[in-house]
Each structure stands twice: as structure tokens, then as C-alpha cells.
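Participant: Below is the structure I would like to discuss, written out as C-alpha cells.
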Amino acid sequence: MPNSPYPFPVPGLMLDLEDVPRPLVIRPHAFERGEEVPIHHHGREQLVYATKGLALVTTENGAWVVPPNRAVWVPSHLDHGVKAITSCTMSSLFISPGLIPTLPQTCSVVAVPKLLRELILHAITFDDLYDENGPQGRIVAVMIDMMKSLKEVPLHLPMPSDVRLRRVAESLIETPSDNRSQSDWAKECGASVRTLARLFPEQTGMTFSGWRQQARLMAALGRLADGEAVVSVALDLGYSSQSAFIAMFKKALGTTPGKYFSN
């Protein structure tokens, strides 16, 4: 497709999302940093998966980071928006309502196994009216079956609503190794240290340092799941040593990175 905004092939036939007589419709997206999809809703349920980069899915009740190897589940008819924290490519899987009753009725982050990731990358080339009885239909059936067993990740990174704090939060999601102090960040965003210290717990339920640790943990999970060495992840995320990182990981998740990913 000439002049395509996507870095991968896209379907030759694309219909209105709600009109497609198929159980699964896939839409690829490519976003520049800061680009947004405004608040909207649709009748289908949605799995938002970022193949590259970081994005936020936002509702009136909070925001969910879409990190590597993870996706955000969005129930049908829920008002939500999407914002690219970094330049990113994404795939949205739109599923007929009620087809996957095992997933939550609220937004949630879920782990995406490697096989499903590869199938998603393959299926974005399908026309909307793929042959349900042919090879493409069988691939879609496997994808739907795999989505029924997706596991919710017990990590939610609540985003502050204050514009100044939101800038700080998005910067730390993009560069979790940034070790600047709370005082430095207060100057950066144009708020007093006192205001920053008060608003973070009020709007996220976490202190500034606790929120930053959670952001680092989410970044680490994606990289470790992709097979990176613990020591390189630890140092890249700003920890002084591998042992300091493992201690944080064990305190947060109750086990070491090695045991967490062997389960």
C-alpha cells in the first residue's frame, strides 16, 4: 500500500468496525509521540497491544500503561482514549461482545504470550472479510481461544490527573532510569515540592517514590519477559546493583525475577 502510515502491511479491504460480520477485527495503528485518540467508545470489546513503544489507555477512572509484552483489555461501550507516550506501533483487536467472558468487565492489563504476539502480527494482513472456513479463519479461532486464557497482570500504574504531575509521570514512564529528585521534578513541572508531595498520593494513592518504583517495575517486567539479563535491566533502570533491583522486585512481587518468569 503506497504512502501507508504503518510500518507493516495492512488489509486491502477495511470496513466500518461495527459492520464487519466476523468475531474478530484487527486494526493496526502507528502514532507519533504525544499523538492521541480522543475519548470514544464502541460496541466491540478491545485488546490494545503495543508492538513497539509505550502508550496509555485512559478512562474516567484512571489510566493503564501498555508496556512491552502486555496489552490493555477494554470492555465494550466503555469511554476511553489512547495516547502515545513514545512513538509506537499498535494493534487493536476488536472482539464481538461476550465472546471472551473470562476477561474482566473493567480495564485491566494482561500478559500476552509469545505465540499470540506472533499471530497478531500475522493477522493484521487479513482482510476484514477473511474466510472464516479457511486458514485465516482457523488462525482467528486459535487467537480467540488463546485470549480466553489471558492472565491479568496485578500491576496498575495509576496516572495523576493534574497536568503538571501528568508531565512528570509520562517522562518517568518514557525514561524510568531518570534519578532526579522530587525537588528537581517540582522545578521541572512548575510546582512546589510540597504540592508535588501532596498531589501524588491524593491522585494516585502512592508517594512520588513509590510511583516511580512501580513505573520501573512495569518497565522491567516487559524487558525481562523478552529475555534480557537481570543485570542489564537493573542498571538501565537506574539501580545501583543487580542485588538492589532483585530486592525491590522480590518485595513487590514476592519472588525473584528468575522464579517469577519460570512459573
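We did not get these values from a lab; they are worked out from the coordinates using the rules stated. Just so it is clear, the structure is predicted and the values come from calculations on it, not from any experiment. Because the Cβ atoms are built from the backbone with ideal geometry, glycine has one as well, and the counts that use them run over all protein chains shown.
Participant: Could you state the principal axis extents of the C-alpha atoms in the stretch 173-230, from the largest down, to the nearest angstrom?
Facilitator: Principal extents (largest minus smallest coordinate, Cα): 40, 21, 14 Å.
Participant: Further question on the same structure: Calculate, for Leu129 and His42, the FRET efficiency according to 1/(1 + (r/R0)^6) with r their C-beta to C-beta distance and R0 22 Å; round to the nearest 0.05.
Facilitator: 0.70
Participant: A follow-up question, please. Helix-only mean residue ellipticity at 222 nm, the chain, DSSP H runs n ≥ 4 weighted -39,500 (n - 2.57), per residue, nearest 500. What is it?
Facilitator: About -11000 deg cm²/dmol.
Participant: For the pairs Lys114/Lys250; Lys83/Lys250; Lys83/Lys151; Lys148/Lys250, note any where the Cα-Cα span goes beyond 27 Å.
Facilitator: Lys83/Lys250; Lys148/Lys250
Participant: What is the gain in length, in nm to one decimal, between Leu121 and Ala197 on full extension, counting 0.36 nm per residue of separation less the C-alpha to C-alpha distance?
Facilitator: Length difference between fully extended and current span is 23.1 nm.
Participant: Can you quote the Å³ per residue value for the convex hull of the Cα atoms in the stretch 17-147, rounded to an integer?
Facilitator: For the stretch 17-147, the hull spanned by Cα atoms encloses 97 Å³ per residue.
Participant: While we're here: With labels modelled as points extended 7 Å from the Cα through the Cβ direction, what inter-label distance (nm, one decimal) is found for Glu18 paired with Thr255?
Facilitator: About 4.4 nm separates the two model spin labels.
Participant: I'd like the distance between the alpha-carbon centres of the stretch 185-201 and the stretch 91-166, rounded to an integer number of Å.
Facilitator: First find each Cα centre; the distance between them is then 36 Å.
Participant: Could you list log10 I(q)/I(0) for the chain at q = 0.07 Å⁻¹, which the Debye formula gives when each Cα is one point scatterer?
Facilitator: Calculated log10 I(q)/I(0) at the listed q: -0.27.
Participant: Shifting gears a bit: Let me see the pair-distance distribution of the stretch 163-260: every alpha carbon pair, 10 Å bin width, integer percents in order.
Facilitator: Each 10 Å bin holds this share of Cα pairs: 15, 47, 27, 11, 0.
Participant: Mind checking the dipole of the stretch 104-263: about its Cα centre, +1 per Lys or Arg Cβ, -1 per Asp or Glu Cβ, Debye to the nearest 20?
Facilitator: Value, rounded to 20: 860 debye.
Participant: Next question, about the same structure. Be a star and scan the stretch 174-211 for residues whose amide nitrogen sits under 13 Å from the point 7 Å along the Cα-to-Cβ vector of Val163.
Facilitator: Only 190-191 pass the distance filter.
Participant: Could you go through the stretch 164-176 in sequence order and give the Karplus-derived ³J(HN,Hα) for each residue, using 6.51 cos²θ - 1.76 cosθ + 1.60 with θ = phi - 60°, rounded to whole Hz, and x for Gly and Pro?
Facilitator: Working through the residues one at a time gives 5, 5, 4, 5, 4, 4, 5, 5, 6, 5, 6, 10, x Hz.
Participant: Find me the longest stretch of the chain that has none of the exposed GluC sites (Glu not before Pro), where exposed means in a DSSP loop (not H, G, I, E or B) with at most 12 other Cβ atoms within 10 Å.
Facilitator: 61-263
Participant: Can you give the extra length, in nm with one decimal, that the chain gains between Asp79 and Leu235 once fully stretched, where that is 0.36 nm per residue apart less the Cα-Cα distance?
Facilitator: 52.3 nm
Participant: Additional query: Can you list residues from other chains, or at least 5 along the same chain, whose modelled amide H is less than 5 Å from the amide H of Ala63?
Facilitator: Under 5 Å from the amide H of Ala63: Met159.
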